[in-house]
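This report refers to the structure that appears directly beneath it.
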Amino acid sequence: MIGFSVGLSLTPGRGGGRWWNSAAYQAGDADTGQTLGPAAILDFSGQRYMLSDAAAPFDSVVDFTRAGAATYIDADGLIQLAAADQPRFDYTLGRRQLLLEGPATNLLTHSNDFTNAAWLKTRVSAVKTEAGPSGAPDDACAIVAAPEAGSHYIYRPVTFSAQPYTLTLRVKYAGHRWFYIRLYDGSNLPLASFDLLNGVAGNTSGAVARTMTADGNGFYKITVTATMAAGTGNVLLGLNATDAAGIDGWTPTGAEKVIVHGTQLETGSHSTSYIPTAGTTVTRPADRAQLTEPVAALLRREEASVLVQGEGAYGVGGRLLSGPASTDFLLAITSGIVAGRPNVILHTPVEQPVPSFGAAFGWSEDEMSGSYQGGVVQSNPETQEAGLSQVYLGRNATGNFANGWYDQLVIWPYRITDADLQARAVSYA
């Protein structure tokens, strides 16, 4: 299944039935004390957009491009494929959000076909006849244990460099409870096991982090992250007799199996959206969500305020909302959440991926203020100097990516009061 101006009116009208006139968007002007509304709302989760006091389509507020296709999770929990230059409105976190990611490469060829000879087998066989997370009837593989004593696993030779790697896959209980993953670099064996019957991440050994989350249609999304030494090793997927790996002496009946979909090995400590591969590795190109000129122009005013809401954002120096250069950001992830130039530190420290958040930032000719998650407003008596000839969401022009899910962007054409900055800087609801 594949699913693929200028001259703005700066005072919103008061016409009945206009959702953008609700109290949720009204805010006080810090200079005049008037309560006014925003000039632009990009509500990705609510699938509604406003510009200059009029409803607007998505492509009138965001110029979106991506040089190739990319996967996403639809409202039914199924993996779908968005064509090149099509945004991904993703339901991974349970609601509609705009998914924005930098480039990533799946280093495992034949990512979803364990019957291929690239996947070596020890006391197991593989059958590609199972329904997977895309809903297709033969979109996943069963790993079936042979009725022989010993360890039961499939594996792939891999050449690691000295850095963190993350392995991601989806696994489903099919009569066998225990499943384990080993990453081997020639010198160490990070391991994690998983209880597929009860949905519990189990035993670990070595320096390994792992997650296990329900992913719909009976599958669990599993990630395993470990820092590997440089060397030739392998990625190993096995069936356990207990909550430990490689139990010798276990003799299955031949009916024991698990169902697996979409293996992905990538560099870094975070899992990204699934990248299907066949005979070669595949790189997913970066998303590029650039605000259209009428929206970007609002942020070049001497006075303005902005709210960004999202979840799961991460990236070294990631730009949540930015001009083209690395220094020209309005909101960024560093050791904390930072706003504007010169910087106003809204919150520190911050964990990555960033939990569900709201960050609000406003400025006038000689004052910058902001709040993160309703925290105390932080200020700087300076002029906001970030260059915003173009404006990007979730990145800048050159690659400071803040990968994650975005709910909403709101722009007011004035600096809103500190009380309203604090009240608006909350998670999307």
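Kindly state which strands (runs of 3 or more DSSP E) lie completely within the stretch 192-267 and contain at least 1 residues that are exposed (fewer than 14 other Cβ atoms within 10 Å of the Cβ) and not aliphatic (A, V, I, L, M).
Of the strands (runs of 3 or more DSSP E) lying wholly inside the stretch 192-267, those with at least 1 residues that are exposed (fewer than 14 other Cβ atoms within 10 Å of the Cβ) and not aliphatic (A, V, I, L, M) span 208-214, 231-239.
Any residue in the stretch 222-236 that is on the phi > 0 side of the Ramachandran plot sitting within a Cβ distance under 7 Å of a residue that is among the small types (G, A, S) and surrounded by fewer than 22 Cβ atoms within 10 Å (Cβ to Cβ)? List the pairs, counting only those 6 or more apart or interchain.
G231/G186; G231/S187
Before we move on, is G387 under 16 Å from the mean Cα position of the chain (by Cα) and more than 20 Å from A24 (Cβ to Cβ)? Step through it out loud before you land on a result.
Working: under 16 Å from the mean Cα position of the chain (by Cα): no; more than 20 Å from A24 (Cβ to Cβ): yes.
In short, no.
For every residue, the table says whether it meets (1) open to solvent by less than 30 Å² (accessible area, probe 1.4 Å); (2) touching a strand residue (DSSP E or B) at 6+ places or on another chain (Cβ under 7 Å); (3) of a type in the set (D, E, K, R).
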{"residue": "L346", "(1), (2), (3)": "yes, yes, no"}
{"residue": "V350", "(1), (2), (3)": "yes, yes, no"}
{"residue": "V354", "(1), (2), (3)": "yes, yes, no"}
{"residue": "V376", "(1), (2), (3)": "no, no, no"}
{"residue": "E382", "(1), (2), (3)": "no, yes, yes"}
{"residue": "Y406", "(1), (2), (3)": "yes, yes, no"}
{"residue": "V426", "(1), (2), (3)": "no, yes, no"}
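Being among the aromatic types (F, W, Y) and out of contact with any Pro (no Cβ under 6 Å at 6 or more places or on another chain): is that true of Y72 here?
Criteria met by Y72.
Name the residue that is farthest from R177 (Cα to Cα), counting only residues in the stretch 115-155 that are in contact with a Leu (Cβ under 8 Å, 6 or more places away or on another chain) and surrounded by fewer than 21 Cβ atoms within 10 Å (Cβ to Cβ). I'd like the intermediate steps shown before the answer.
Taking the stretch 115-155 first, the residues in contact with a Leu (Cβ under 8 Å, 6 or more places away or on another chain) are 124, 133-135, 143, 145, 152-155.
Applying the additional criterion that residues be surrounded by fewer than 21 Cβ atoms within 10 Å (Cβ to Cβ) yields 135, 155.
Working: G135: 23, Y155: 19 Å.
Step by step, filter the stretch 115-155, then rank; the result is G135.
Taking the condition at pLDDT 95 or above, small (G, A, S) and open to solvent by 40 Å² or more (accessible area, probe 1.4 Å), does A70 pass?
No: the conditions fail for A70.
Listed residues A304, A297; which is open to solvent by 20 Å² or more (accessible area, probe 1.4 Å), at pLDDT 95 or above and among the hydrophobic types (A, V, I, L, M, F, W, C)?
Only one candidate qualifies: A297.
Give me a count of the residues in the stretch 388-412 that are farther than 16 Å from P87 by Cβ and in a strand (DSSP E or B).
Of the residues in that region, 3 qualify.
Consider the stretch 182-201. How many of its residues are farther than 19 Å from T232 by Cβ and over 25 Å from the mean Cα position of the chain (by Cα)?
Final tally of qualifying residues: 3.
Of the residues that sit in the stretch 75-91 and are at pLDDT 95 or above and crowded, with 18+ Cβ neighbours inside 10 Å, which one is farthest from the chain's Cα centre (by Cα)?
A82
The values are calculated or read from the model by the stated rules, or taken from the named source; none is laboratory data. From a predicted model like this one, the values you see are computed outputs, not experimental measurements. Cβ atoms come from the backbone with ideal geometry, glycine included; neighbour counts cover every protein chain shown. Quick note on the areas: whole protein, heavy atoms, side chains included, nothing else; ligands and nucleic acids left out. Shrake-Rupley method; radii C 1.70, N 1.55, O 1.52, S 1.80 Å.
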